[in-house]
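This report refers to the structure that appears directly beneath it.
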Ligand SMILES: Nc1ncnc2c1ncn2[C@@H]1O[C@H](COP(=O)(O)OP(=O)(O)OP(=O)(O)O)[C@@H](O)[C@H]1O
Ligand SMILES: [Mg+2]
């Protein structure tokens, strides 16, 4: 599947995107580690981690685009899968602290000692192992998405109703993770990480490696998503988006196809969350807040849904704008600006930045706006 | 009308005493209909007679309140969902042509092409040479070969009708339900559609719903007249159009 599309289907835009990511993966860490700090090309560690964070968001956006842009499932709960992946990574990082915590307990994380717990809850078992934790990064969000989707898609919940229950899902998790007795650190979440795979998470080289890894995973996520949407399954999924019941009458079990993309997408969001946590140094319940999931939808809408590259672009552009905006005197108005942006894009650029740019580009090259829609066009 | 047991076992499609109501309104009341393997049947009837609703029942979109709906003499269609019924070999063309607007014409055919419909098979699908040949043949039959890479959404109403017929061909079902194939077509196109359907009927069973009497005459097959959700008359077109009740229903509407 992947090889076939690598040979024939990959577009110029995709190649540019992948090339850019590959270049970033190599050049940014090098510019951070090797160039002297006074060089114009030097990338400060904080900037690198900030961009690492944007790229995690880009992966989350691609995962959402897969379900929303291609399958028409407007998930307003994708932040939950992201956060669950993040917690799985956070649990691994907590276990790596060992006896270096404030209380010096070799097994229990500080917050458990503080709560007077005496043993590790069963669901923390195994998280001292990196491979196990990475497996959980995929399995936990994937399983939740599978179970949730199994019920929702079988009972043919669609449209606004589905969006609302995804929103309820992330809200329920927000409330649950806030509770101390859940065993995930309550509202403080998990933080004060020390090592990842034996390397200091704060060290410049580790951060450079995390950045490069984020680029690599974004490339991998993009290729998987592209492989899916370019396959025949991808065509079925678009058919479901545009004429769900027609697809059923062709004999496709719509619920299973939705379940497949929804689950894959949740796993992808989980990976994004797992990469995010060591780079920002904390995971807490606010990552489950419904507003986060809604913001993700805005990134995808701004970038251009149903294009994958556009989703990633939207995530980076909006988050870069957010950083600029919220670091100045206009900080209190960010949410208004975001809302206004969303309204503007919905009204005037329904295809988002990328879709609009592509239309404009296509028209310039053809110089014949949409004439092919009218009567028999020559075979291409 | 209670067909004998032998009628059931020798039938391809068997409806008996089927009723369905929407919010108290009985759209189908005691409908009985038997289609033999290989048969082509035309169904006529005034607007609201229940023709489309009958197709909805056969294809699993609507569950009947009562009655029997059997396929191939043994499969109870009222227990199956749309996908299962489609995979049994019942294909449908909708009254309002429904194609996948954002797919190319070729991809519309590909999606309909008879194949395993599982997630894994579609994910790893490779269009084999025989599949491509079949797609090309169908595109030729429905005269959309030159337009294959255009988006289906850009087609005219009549072309969409043909594309949907092409999708039916690709599905290669045992029974085709064709709802108003000639609607929105010019006389020339209508005549061509009749020829195409007769061609298809050579090796498929077909139920055609149509208002265009010229078209029905062209098909030259047994006609069933539906009225208020039940069969009013059945027989050759000349015979049913001479039927007093039928004339009354058509003039009285
Ligand atoms: N889902 C539904 N809910 C409520 N009423 C319905 C529904 N489907 C059909 N009806 C009603 O059932 C009756 C039969 O409709 P149907 O579409 O089967 O007629 P038809 O014979 O196909 O007519 P036409 O020739 O106009 O296509 C109509 O009165 C219609 O309004
Ligand atoms: Mg009808």
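The single condition among (1) more than 16 Å from ligand 2 (Cβ to nearest atom); (2) over 13 Å from the mean Cα position of the chain (by Cα); (3) within 14 Å of chain A (Cβ to nearest Cβ) that residue B:10 does not satisfy is (3).
I'd like the full set of residues that are in contact (Cβ under 8 Å) with a residue 12 or more places away in the chain and away from ligand 1 (no atom under 13 Å from the Cβ), limited to region B:221-238.
Residues satisfying the conditions are B:221, B:222, B:223, B:233, B:234, B:235, B:236, B:237.
The set of residues in region B:176-197 that are touching a strand residue (DSSP E or B) at 6+ places or on another chain (Cβ under 7 Å) and surrounded by fewer than 23 Cβ atoms within 10 Å (Cβ to Cβ) comprises B:179, B:180. Filtering A:222, A:177, A:146 for residues that are within 14 Å of another protein chain (Cβ to nearest Cβ), under 22 Å from the mean Cα position of the chain (by Cα) and part of a helix (DSSP H, G or I) leaves a single hit, A:146.
Looking for something modelled with pLDDT of 95 or more, under 21 Å from residue A:177 (Cα atoms) and surrounded by 24 or more Cβ atoms within 10 Å (Cβ to Cβ) - is there at least one such residue anywhere in region A:252-266? There is at least one residue in region A:252-266 that is modelled with pLDDT of 95 or more, under 21 Å from residue A:177 (Cα atoms) and surrounded by 24 or more Cβ atoms within 10 Å (Cβ to Cβ).
Within region B:23-55, the set of residues being under 13 Å from the mean Cα position of the chain (by Cα) and near ligand 1 (Cβ under 7 Å from one of its atoms) comprises B:51, B:52, B:53, B:54. Here residue B:65 does not qualify as touching a residue at least 24 places away in the same chain (Cβ under 8 Å), away from ligand 2 (no atom under 16 Å from the Cβ) and crowded, with 16+ Cβ neighbours inside 10 Å. Can you find a residue that is crowded, with 23+ Cβ neighbours inside 10 Å, touching a residue at least 60 places away in the same chain (Cβ under 8 Å), away from ligand 2 (no atom under 16 Å from the Cβ) and in a strand (DSSP E or B) anywhere in region B:84-103? Checking region B:84-103: at least one residue is crowded, with 23+ Cβ neighbours inside 10 Å, touching a residue at least 60 places away in the same chain (Cβ under 8 Å), away from ligand 2 (no atom under 16 Å from the Cβ) and in a strand (DSSP E or B). Every test in (1) at pLDDT 95 or above; (2) away from chain B (no Cβ under 14 Å) is passed by residue A:187 save one, and that test is (1).
Scanning region B:56-83 for residues that are part of a loop (DSSP other than H, G, I, E, B) and either on the phi < 0 side of the Ramachandran plot or within 10 Å of ligand 1 (Cβ to nearest atom) (or both) gives B:59, B:61, B:62, B:63, B:64, B:65, B:74, B:80, B:81.
Of A:70, A:103, A:92, all but one fail to be without any contact (Cβ under 8 Å) to a residue 40 or more places away in the chain and touching a helix residue (DSSP H, G or I) at 6+ places or on another chain (Cβ under 9 Å); the exception is A:103.
Residues of region B:15-56 that are touching a helix residue (DSSP H, G or I) at 6+ places or on another chain (Cβ under 8 Å), surrounded by 22 or more Cβ atoms within 10 Å (Cβ to Cβ) and within 17 Å of residue B:78 (Cα to Cα): B:15, B:18, B:20, B:28, B:31, B:33.
To keep it simple, each residue is scored yes or no on (1) more than 21 Å from the chain's Cα centre (by Cα); (2) modelled with pLDDT under 95.
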{"position": "B:98", "(1), (2)": "no, yes"}
{"position": "B:103", "(1), (2)": "yes, no"}
{"position": "B:106", "(1), (2)": "yes, no"}
{"position": "B:111", "(1), (2)": "no, no"}
{"position": "B:132", "(1), (2)": "yes, no"}
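Can you tell me how many residues in region B:8-22 are out of contact with any strand residue (DSSP E or B) (no Cβ under 6 Å at 6 or more places or on another chain) and either more than 16 Å from ligand 1 (Cβ to nearest atom) or closer than 13 Å to residue B:231 by Cβ (or both)? Final tally of qualifying residues: 2.
Does residue B:166 meet the test of being part of a helix (DSSP H, G or I), away from ligand 1 (no atom under 16 Å from the Cβ), under 23 Å from the mean Cα position of the chain (by Cα) and surrounded by fewer than 23 Cβ atoms within 10 Å (Cβ to Cβ)? For residue B:166, the condition - part of a helix (DSSP H, G or I), away from ligand 1 (no atom under 16 Å from the Cβ), under 23 Å from the mean Cα position of the chain (by Cα) and surrounded by fewer than 23 Cβ atoms within 10 Å (Cβ to Cβ) - is not met.
Yes/no per residue for (1) touching a helix residue (DSSP H, G or I) at 6+ places or on another chain (Cβ under 9 Å); (2) more than 30 Å from residue B:156 (Cα to Cα); (3) facing chain A (nearest Cβ under 9 Å):
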residue	(1), (2), (3)
B:74	yes, yes, no
B:79	no, yes, no
B:95	yes, no, no
B:100	yes, no, yes
B:103	yes, no, yes
B:112	yes, no, yes
B:123	yes, yes, yes
B:131	yes, no, no
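Residue B:161 meets each of the listed conditions (1) within 16 Å of ligand 1 (Cβ to nearest atom); (2) under 20 Å from residue B:135 (Cα atoms); (3) within 13 Å of another protein chain (Cβ to nearest Cβ) apart from (3). With respect to the numbered conditions (1) touching a helix residue (DSSP H, G or I) at 6+ places or on another chain (Cβ under 8 Å); (2) not in a helix (DSSP H, G or I), which one is the sole condition not fulfilled by residue A:227? Answer for residue A:227: the failing condition is (2).
For region B:38-62, a residue qualifies if it is away from chain A (no Cβ under 14 Å), within 15 Å of residue B:179 (Cα to Cα) and more than 13 Å from ligand 2 (Cβ to nearest atom), and the qualifying residues are B:40, B:41, B:42.
Only one entry of A:63, A:75 meets the criterion of being under 21 Å from residue A:352 (Cα atoms) and not in a helix (DSSP H, G or I), and that entry is A:75.
So is residue B:127 closer than 20 Å to residue A:250 by Cβ, within 10 Å of another protein chain (Cβ to nearest Cβ), within 16 Å of ligand 1 (Cβ to nearest atom) and not in a helix (DSSP H, G or I) or not? Spelling it out, it is not the case that residue B:127 is closer than 20 Å to residue A:250 by Cβ, within 10 Å of another protein chain (Cβ to nearest Cβ), within 16 Å of ligand 1 (Cβ to nearest atom) and not in a helix (DSSP H, G or I). Considering only residues in region B:169-189 that are closer than 21 Å to residue B:140 by Cβ and in a helix (DSSP H, G or I), the one that is nearest to ligand 1 (Cβ to nearest atom) turns out to be B:189. Just one of the listed residues (B:117, B:148) is more than 30 Å from residue B:71 (Cα to Cα), within 10 Å of chain A (Cβ to nearest Cβ), surrounded by 16 or more Cβ atoms within 10 Å (Cβ to Cβ) and without any contact (Cβ under 8 Å) to a residue 60 or more places away in the chain, namely B:148. Would region A:196-211 turn up any residue that is in contact (Cβ under 8 Å) with a residue 40 or more places away in the chain and crowded, with 24+ Cβ neighbours inside 10 Å? For region A:196-211, residues in contact (Cβ under 8 Å) with a residue 40 or more places away in the chain and crowded, with 24+ Cβ neighbours inside 10 Å: present.
Hey, among the residues in region B:203-222 that are in a strand (DSSP E or B) and within 16 Å of ligand 2 (Cβ to nearest atom), which one's surrounded by the most Cβ atoms within 10 Å (Cβ to Cβ)?
If we take residues in region B:203-222 being in a strand (DSSP E or B) and within 16 Å of ligand 2 (Cβ to nearest atom), then B:208 is surrounded by the most Cβ atoms within 10 Å (Cβ to Cβ).
Among the residues making up region A:245-258, a single one is more than 8 Å from chain B (Cβ to nearest Cβ) and under 14 Å from residue A:68 (Cα atoms): A:258. For first residues located in region A:228-239 and more than 7 Å from chain B (Cβ to nearest Cβ), partners that are assigned to a loop (DSSP other than H, G, I, E, B) and lie 6+ apart or on another chain with Cβ distances below 8 Å form the pairs A:229/A:308; A:230/A:9; A:237/A:71.
The values are calculated or read from the model by the stated rules, or taken from the named source; none is laboratory data. Everything quoted here is computed from the prediction, not taken from an experiment. Cβ atoms come from the backbone with ideal geometry, glycine included; neighbour counts cover every protein chain shown.
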